[in-house]
1. When residues of region 41-72 are filtered for being hydroxyl-bearing (S, T, Y) and within 17 Å of D22 (Cα to Cα), how many remain?
2. Take A85 and decide whether it is exposed (fewer than 10 other Cβ atoms within 10 Å of the Cβ) and assigned to a loop (DSSP other than H, G, I, E, B).
3. In this structure, is T28 of a type in the set (V, I, T) and at pLDDT 95 or above?
4. Within region 30-46, count every residue that is assigned to a helix (DSSP H, G or I) and touching a helix residue (DSSP H, G or I) at 6+ places or on another chain (Cβ under 9 Å).
5. Could you list, ordered by first residue, the pairs with Cβ atoms under 8 Å in which the first is in region 88-99 and exposed (fewer than 15 other Cβ atoms within 10 Å of the Cβ) and the second is part of a helix (DSSP H, G or I), at least 6 apart or interchain?
6. Filter region 3-23 for residues that are closer than 15 Å to I48 by Cβ, surrounded by fewer than 10 Cβ atoms within 10 Å (Cβ to Cβ) and of a type in the set (A, V, I, L, M, F, W, C) and give the result.
7. Can you say whether A49 is in contact (Cβ under 8 Å) with a residue 24 or more places away in the chain, within 22 Å of the chain's Cα centre (by Cα) and part of a helix (DSSP H, G or I), as far as the supplied structure shows?
8. Output yes when any residue across region 14-25 is assigned to a helix (DSSP H, G or I) and free of Cβ contacts under 8 Å to residues at least 40 places away in the same chain, and no when none is.
Amino acid sequence: MFRTIKPLDRLRQAYGLSALPDMIETETFGEFGHPISKPLVQATIDDIAFAIQALTAENNAATDRLYALRRLHDRARRAGGLGSALAVDAALRIVEAGR
């Protein structure tokens with residue numbers, strides 16, 4: 001008996017497409033203010049574009065948090081903070097010293 005591979009699964013087998021999600025969400029809000037969510041196999045090209053915009057905004061926010069935490073860590077270490085020290089208190093010493 002032959003097993004038919006679904007189109008989305010066939011795409012996932014292609015190089016660079018293994019992380020395709022089953023569902024997408026857009027920044028466009030539907031009923032009750034919830035993001036519009038739909039199966040990828042029912043998504044239009046425009047739906048994909050809106051999902052990319054939503055993921056880009058999420059990614060930018062996560063990247064901003066990552067870099068801010070990295071800067072906090074670096075400043076706290078430069079201020080002489082050790083692993084058990086409170087990071088905000090240690091980093092604040094550099095800020096207050098004007099460095």
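The values are calculated or read from the model by the stated rules, or taken from the named source; none is laboratory data. Note that the structure is a prediction, hence the values are computed from the model and not measured. Here the Cβ positions follow ideal geometry from the backbone for every residue, glycine too, while neighbour counts run over all protein chains shown.
1. Residues meeting the conditions: 1.
2. Answer is no for this residue.
3. Details: of a type in the set (V, I, T): yes; at pLDDT 95 or above: no.
So T28 fails the test.
4. Qualifying residue count for the region: 2.
5. Final answer for the pair search is V88/L72; V88/A76; V95/R75; R99/R78.
6. Across region 3-23, the qualifying residue is only A19.
7. no
8. Keep residues of region 14-25 that are assigned to a helix (DSSP H, G or I), which gives none.
For region 14-25, residues assigned to a helix (DSSP H, G or I) and free of Cβ contacts under 8 Å to residues at least 40 places away in the same chain: absent.
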